[in-house]
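Single-structure report; data block below.
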Amino acid sequence: MPARVKAAAAATNPFRFGRIVSGDAFTDREADLLALERELRGGQNILIEAPRRFGKTSLILEVKRHLEAGGIPVAYLDCMLVPSRARLADRLASAYLDAFKNPAQRAEDWVVQHLKAFRVRPTLTLDSEGHASLSFEAGSAGAPNLDALLEQIFQEPEVIAREGKKKRVVVILDEFQDLMELGVTLLRQLRAVIQHQQHVSYALLGSRQGLLRRAVHDRNAPLLKMARPYPLGPLPREEFATFLMARFRASGRPLPKDAIYALIDFTGAHPNDTQEAAHFLWEVALLPLSTQELVSTAIARVLDAEAAQMTVLWHDSAPAQRNLLVALVEWGGRNIYREDYRRRANLGPATTVQRAIQTLIDRELVDLEASGAYTIKERFFEEWIRRRIIGGEL
């Protein structure tokens, strides 16, 4: 095998997707990073909204690293991993222990110092690597005791900040809207505590629009106006293109700028989708194809890789929903209730369309844009429908 081909085969794909990224793999969001750090450092609660896989977690963990480097302790909890109110107590207390314990302090001493007044005493567990976690066995304590325990835990960051004479501590609740599924009273209880805290800043991250509306946007939402809205938009096209081109070039597979722009325009600069498409574009970058053919081949490989998930989404959709998804791809998402649109797309009565579109919105597959048009949220799912369902590609 020629040396150049061996080197190309041995090169490492620089594009990672589907997980949290950091360091040189973190796409530049310098303005967002600085703004969020400044707001949280200054005591402002923040609500970061963006679609799934938009880079919210990667961004906030970069903010966390910056704040901690500046001496501000930060507790992080992924609420998507909390199946019950009792487990919330365990996970949140463990997050506080991990974030707020002095490095020279033993976990046992921290628990005695800060949780000794709790009605339900915690059990401290140390794993083989010395990582500590707390559990309260609160599920059997009864609802009143569990409510009291959660209220104490919600209050704890302020207590820790005051006793430790810290000017600021930060709590990050990722996918916080999932707590709505544990009962609306839980977020009301959290609000009652947050509004009195002077030394704690909260970063609330959310993506599920239906739950977000109920949690923060509806008139009677429990966390209405409790945080500065910070919608996270797509990455700036030029900056993203520069980042991608640099990584292609550094890995020995430079591509023309028009190929990078074509990829970004296809994904709409969605961070994770673009990184995923770039991963497969890197794999085919050495093939003797035109720019258009390279990008199309890369997208085809994405769809092959995501075929199982796309098939599940399709088969979980009722016939009326499938017809409407196809119509959105073929005819666009405007005027979907008009008789000529429904007849052309074979959608049936307007009431059927209304039920189908609402179900697709509830399933987070379709969104209503500010322009009044309905769009399929997942760009790859839209392309899968275009190529596999409408085009009949294998």
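Which residue pairs have Cβ atoms under 9 Å apart, sit 6 or more places apart or on different chains, and have a first residue in segment 118-147 that is hydrophobic (A, V, I, L, M, F, W, C) and open to solvent by 30 Å² or more (accessible area, probe 1.4 Å) and a second that is at pLDDT 85 or above and part of a loop (DSSP other than H, G, I, E, B)?
Filtered contacts from segment 118-147: no entries.
Can you work out which of the residues in segment 328-381 that are part of a strand (DSSP E or B) and in contact with an Asp or Glu (Cβ under 9 Å, 6 or more places away or on another chain) is least open to solvent (accessible area, probe 1.4 Å)?
Keep residues of segment 328-381 that are part of a strand (DSSP E or B), which gives 366-368, 374-376.
Filter once more, so that each one left must be in contact with an Asp or Glu (Cβ under 9 Å, 6 or more places away or on another chain): 374-376.
Working: 374: 36, 375: 46, 376: 17 Å².
That would be 376.
Test of understanding: among 162, 106, 121, which residue is more than 26 Å from residue 57 (Cβ to Cβ) and at pLDDT below 85?
Working: 162 fails: at pLDDT below 85; 106 fails: at pLDDT below 85.
Just a single option satisfies the conditions, and that option is 121.
When segment 189-227 is examined, which residues are found to be among the basic types (Lys, Arg), surrounded by 13 or more Cβ atoms within 10 Å (Cβ to Cβ) and closer than 28 Å to residue 73 by Cβ? Show your work before the answer.
First, pick out the residues of segment 189-227 that are among the basic types (Lys, Arg): 191, 208, 213-214, 219, 225.
Pick out the ones that are also surrounded by 13 or more Cβ atoms within 10 Å (Cβ to Cβ) and you get 191, 208, 213-214.
If the condition is that a residue be among the basic types (Lys, Arg), surrounded by 13 or more Cβ atoms within 10 Å (Cβ to Cβ) and closer than 28 Å to residue 73 by Cβ, then 191 is the only one that fits.
Can you tell me which residue within segment 78-90, out of those that are surrounded by fewer than 17 Cβ atoms within 10 Å (Cβ to Cβ) and outside any loop (DSSP other than H, G, I, E, B), is modelled with the highest pLDDT? Spell out the reasoning first.
Filtering segment 78-90 for residues surrounded by fewer than 17 Cβ atoms within 10 Å (Cβ to Cβ) gives 78, 80-81, 83-84, 87.
When the remaining residues are screened for being outside any loop (DSSP other than H, G, I, E, B), the result is 78, 80-81, 87.
Details: 78: 95, 80: 89, 81: 88, 87: 91.
Selected residue: 78.
For segment 160-188, which residues satisfy the criterion of being under 16 Å from residue 99 (Cβ atoms) and buried (at least 17 other Cβ atoms within 10 Å of the Cβ)?
Scanning segment 160-188 gives 160, 161, 168, 169, 170, 171, 172, 173, 174.
What's the number of the only condition in (1) surrounded by fewer than 18 Cβ atoms within 10 Å (Cβ to Cβ); (2) of a type in the set (Gly, Ala, Ser); (3) within 15 Å of residue 381 (Cα to Cα); (4) without any contact (Cβ under 8 Å) to a residue 24 or more places away in the chain that residue 268 fails to meet?
(4)
Here is a list of conditions, (1) within 27 Å of residue 211 (Cα to Cα); (2) part of a loop (DSSP other than H, G, I, E, B), and residue 321 meets all of them except one; can you say which number that is?
Of everything listed in (1) within 27 Å of residue 211 (Cα to Cα); (2) part of a loop (DSSP other than H, G, I, E, B), residue 321 misses just condition (2).
Take the conditions more than 19 Å from residue 51 (Cβ to Cβ), modelled with pLDDT of 95 or more and either open to solvent by 20 Å² or more (accessible area, probe 1.4 Å) or of a type in the set (Val, Ile, Thr) (or both) and apply them to residue 320. Does it pass? Steps first, answer last, please.
Numbers: more than 19 Å from residue 51 (Cβ to Cβ): yes; modelled with pLDDT of 95 or more: yes; either open to solvent by 20 Å² or more (accessible area, probe 1.4 Å) or of a type in the set (Val, Ile, Thr) (or both): yes.
When the stated conditions are applied, residue 320 passes them.
Please find, among 327, 298, the residue that is farther than 23 Å from residue 371 by Cα, out of contact with any Cys (no Cβ under 9 Å at 6 or more places or on another chain), modelled with pLDDT of 95 or more and among the small types (Gly, Ala, Ser).
On the way: 327 fails: farther than 23 Å from residue 371 by Cα.
Result: 298 is the single residue among 327, 298 that is farther than 23 Å from residue 371 by Cα, out of contact with any Cys (no Cβ under 9 Å at 6 or more places or on another chain), modelled with pLDDT of 95 or more and among the small types (Gly, Ala, Ser).
The values are calculated or read from the model by the stated rules, or taken from the named source; none is laboratory data. Since this is a predicted model, take the numbers as computed values, not measurements. Quick reminder, even Gly has a Cβ in these numbers, built from the backbone with ideal geometry, and neighbours come from all protein chains shown. Heavy atoms of the whole protein, side chains included, go into the accessibility calculation; ligands, DNA and RNA do not. Shrake-Rupley method; radii C 1.70, N 1.55, O 1.52, S 1.80 Å.
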